[in-house]
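Following: one structure in structure tokens, then a few remarks.
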Amino acid sequence: MAQIPNLDNAPLNLTSLREQSQKDLLNILRNIRGNKCLIVDQKLSGSLSLIIKTSILKEYGVELRHLSSEPVQTECPKVVYLIRSQLNLVKLISAHIQNDISKGTQREYSVYFVPRRTVACEKIFEEEKVHHLLTIGEYPLYMIPLDEDVLSFDLDLAYRDYLVDGDTSALWHIAKSIHKLEYSFGVIPNVRAKGKASARISEILTRMQVEEPVSTSDVGIPEINTLILLDREVDMVTPMCFQLTYEGLMDEILCVNNGSVELDASIMGNQQQEGKKTKVPLNSTDKLFKETRDLNFEVVVQVLRQKATDMRQDYKEIQTANQSVSELKDFVKKLNSLPEVTRHINLAQHLTTFTSKPSFSGKLDMEHTIVEGESYDICFEYIEEMIHKQEPIVNVLRLLVLFSVTNSGLPKKQFDYIRREFLHSYGFEHIATLCNLEKAGLFKKQEVKGNWLMIKRALNLIVEDTDTANPNDIAYVFSGYAPLSIRLVQHAVRSGWRPIEEILKLLPGPHSEIKRGGYSSTPSFDTLPGAPASIDKVADGRRSLVLVVFVGGVTFAEISALRYLSAQEGMAYDLIVGTTKMVNGHSIMETFLETNG
């Protein structure tokens, strides 16, 4: 079970959101009397672990299971399914019930869809002739606090579904989530959107406020001053680059899932349990992790070395006999942090086994060369060689997409050649993978000359001589490349879209800027009034709050860059992140992988 993050220092009362989600779930369980078997779909169980402890569920007579194709083994007369609205999950439940019927087992069945039921899912229950045996309801879990400044809408495939299949259901879900926030924290007066999906969410949000208005008199002064909606499609360069912050690197190498990593116990210094897996929680409850998570990994190694040196020095001093009681007390206090220091030294040592390889620095150099956009042939030959060596397919796709996006596609002759070589190396069944990437515009033929160089210069995306130890720019998160997405957020917060309108036109999708009131909202291209200082404080003197929503996922490195911005002098407002899911280049590419046959 993942550790439930501490939200006491959140700039918004996220604890109340989490408590409401707990309450909604417990009400469902309370209404089903007696012992019951709660069967949760695997993906959802990770999300639930950030909301409620298993021990609390057991107090309500719950026997917890994961949904699988295996028949349900339980003595409980009541079975409760908690699932996302996915057709494959509904078919599994139907098979469970049909298996019980064939054995003459009688049970009461309830199915609760998260966050809402759909006609398509219920139709399958009807087709499978089990609908009449079910009690169907909804568990309205629209967002989950991952940490004190990060909210997840828990939409795994939203980006792929929208770009490849044209499925817009996730957009309604995101708008609904934001509107639910408005019921608690007031109508957000300024909405800025960039990208097709974001512009659409902005429109849905406006319509929702007309149909289900949030009363300004009930909620008072809005706690969130500005909402910035940004499509992942607007910046596909950043997630294709390898993250170099501590948390980002951990995600790239170990895969952070629901605020924890799972790895071999021996890596964490427990030699007796070699071969066994252990879960390491990663959130701001861990003070040392909070201090180091957003630093460039090079610097984290130095910080940990210094902490270990200080502890050794303290230990030497304590061995001398002339220590006062208060000095002893201070030493014992420092000893309390020893488990944290040990944990992160073990993690950092493990990560270093990857980062110290020559192949690692070679790949980073090639990424930077592609992003600089001025050595086309060298980059093309590097990717070609990777394909011929049959390097891991996801690694090849990441660089190929990065190369295609920064060049607005490949000239026809080279596009056809790379495509053919790729299929020869990885199998013709991967034609579906390449088709998905083409539909999403991530790997395509070049139709017009690229404008990446213009965007790169105008937004100062390449920062030479980046000092990772004492950064003066967000570029430290990628050791010299400033994430395009965060540069856009920087502008949107400081002065709105208007000063960079010409640049926005070079990026995918429309952009919009809307002023909203209590019951109506009129599109306008006015920026926030006056100089940047005018949005720094709301009426009662608190720091103003900006909600940045990434439609299609955000990387840990981008969140680190936002935290860096928020901590800068003259940027006196808090930033909170909303995202469909946490992503990296690997996880995004995996959603596009598909084989025919």
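The values are calculated or read from the model by the stated rules, or taken from the named source; none is laboratory data. Since the model is a prediction, treat every value here as computed from it, not as a measurement. We place every Cβ from the backbone using ideal geometry, glycine too, and count neighbours over all the protein chains shown. Note: accessible area is taken over every heavy atom of the protein model, side chains too, but ligands, DNA and RNA are not part of it. Shrake-Rupley method; radii C 1.70, N 1.55, O 1.52, S 1.80 Å.
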Is it fair to say Asp231 is closer than 26 Å to Ser47 by Cβ, in contact with a Pro (Cβ under 9 Å, 6 or more places away or on another chain) and touching a residue at least 24 places away in the same chain (Cβ under 8 Å)? yes
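Residue check: is Tyr159 closer than 30 Å to Asp294 by Cα, of a type in the set (Ser, Thr, Tyr) and buried (at least 24 other Cβ atoms within 10 Å of the Cβ)? Explain how you work it out, then say what you get.
Numbers: closer than 30 Å to Asp294 by Cα: yes; of a type in the set (Ser, Thr, Tyr): yes; buried (at least 24 other Cβ atoms within 10 Å of the Cβ): yes.
Judged against the criteria, Tyr159 is a match.
Can you find a residue in the stretch 30-44 that is assigned to a helix (DSSP H, G or I) and touching a Gly at 6+ places or on another chain (Cβ under 9 Å)? Lay out the reasoning, then the answer.
Step one: of the stretch 30-44, the residues assigned to a helix (DSSP H, G or I) are 30, 42-44.
Then keep just the ones that are touching a Gly at 6+ places or on another chain (Cβ under 9 Å); that gives none.
No; the residues of the stretch 30-44 include none that is assigned to a helix (DSSP H, G or I) and touching a Gly at 6+ places or on another chain (Cβ under 9 Å).
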Members of the stretch 132-141 that are open to solvent by less than 20 Å² (accessible area, probe 1.4 Å) and part of a loop (DSSP other than H, G, I, E, B): Tyr139, Leu141
I'm checking my understanding of the structure. Among residues of the stretch 244-298 that are in a helix (DSSP H, G or I) and of a type in the set (Lys, Arg), which one is surrounded by the most Cβ atoms within 10 Å (Cβ to Cβ)? Lys290
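Please specify each residue of the stretch 11-22 satisfying the condition of being over 19 Å from Ser45 (Cβ atoms) and either basic (Lys, Arg) or open to solvent by 20 Å² or more (accessible area, probe 1.4 Å) (or both).
Here is the first cut: in the stretch 11-22, the residues over 19 Å from Ser45 (Cβ atoms) are 11-17, 19-20.
Selection gives Pro11, Asn13, Thr15, Ser16, Leu17, Glu19, Gln20.
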Condition first: open to solvent by less than 40 Å² (accessible area, probe 1.4 Å), β-branched (Val, Ile, Thr) and either under 28 Å from Asp165 (Cβ atoms) or in contact (Cβ under 8 Å) with a residue 60 or more places away in the chain (or both). Can you find one or more residues in the stretch 452-459 that meet it? no
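Among the residues of the stretch 463-485, are any surrounded by 14 or more Cβ atoms within 10 Å (Cβ to Cβ) and touching a His at 6+ places or on another chain (Cβ under 6 Å)? Break it down into steps so the answer makes sense when it comes.
Here is the first cut: in the stretch 463-485, the ones surrounded by 14 or more Cβ atoms within 10 Å (Cβ to Cβ) are 463, 466, 468, 471, 473-485.
With the extra rule that they be touching a His at 6+ places or on another chain (Cβ under 6 Å), the set shrinks to none.
Scanning the stretch 463-485 turns up no residue that is surrounded by 14 or more Cβ atoms within 10 Å (Cβ to Cβ) and touching a His at 6+ places or on another chain (Cβ under 6 Å).
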Among the residues of the stretch 56-84, write down those that are surrounded by fewer than 18 Cβ atoms within 10 Å (Cβ to Cβ), without any contact (Cβ under 8 Å) to a residue 40 or more places away in the chain and of a type outside the set (D, E, K, R). Ile56, Tyr60, Gly61, Leu64, His66, Ser68, Ser69, Pro71, Gln73, Thr74
Being over 28 Å from the mean Cα position of the chain (by Cα) and in a strand (DSSP E or B) is the filter; apply it to the stretch 83-114 and report the residue that is farthest from Ser45 (Cα to Cα). Glu108
Quick check: is even one residue across the stretch 448-460 under 16 Å from Leu244 (Cα atoms) and in a helix (DSSP H, G or I)? no
Has the stretch 204-217 got at least one residue that is assigned to a helix (DSSP H, G or I), modelled with pLDDT of 95 or more and buried (at least 23 other Cβ atoms within 10 Å of the Cβ)? yes
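Here are some residues: Ser184, Ser198. Which one is touching a helix residue (DSSP H, G or I) at 6+ places or on another chain (Cβ under 9 Å), closer than 21 Å to His491 by Cα, in contact (Cβ under 8 Å) with a residue 60 or more places away in the chain and of a type in the set (S, T, N, Q)? Reasoning before the result, please.
Details: Ser184 fails: closer than 21 Å to His491 by Cα.
It is Ser198.
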Looking at (1) at pLDDT below 95; (2) touching a Ser or Thr at 6+ places or on another chain (Cβ under 6 Å); (3) of a type in the set (D, E, K, R), which is the only condition Glu262 fails? (2)
Hey, can you tell me all the residues within the stretch 490-541 that are assigned to a helix (DSSP H, G or I), closer than 25 Å to Gly220 by Cβ and modelled with pLDDT of 50 or more? Val493
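With a cut-off of at least 2 residues that are in contact (Cβ under 8 Å) with a residue 12 or more places away in the chain, in contact with a helix residue (DSSP H, G or I) (Cβ under 9 Å, 6 or more places away or on another chain) and acidic (Asp, Glu), name the helices (runs of 4 or more DSSP H) lying wholly within the stretch 337-444. I'd like the intermediate steps shown before the answer.
Details: elements: 338-355, 358-372, 376-388, 393-406, 412-426, 431-439.
By residue number, 358-372.
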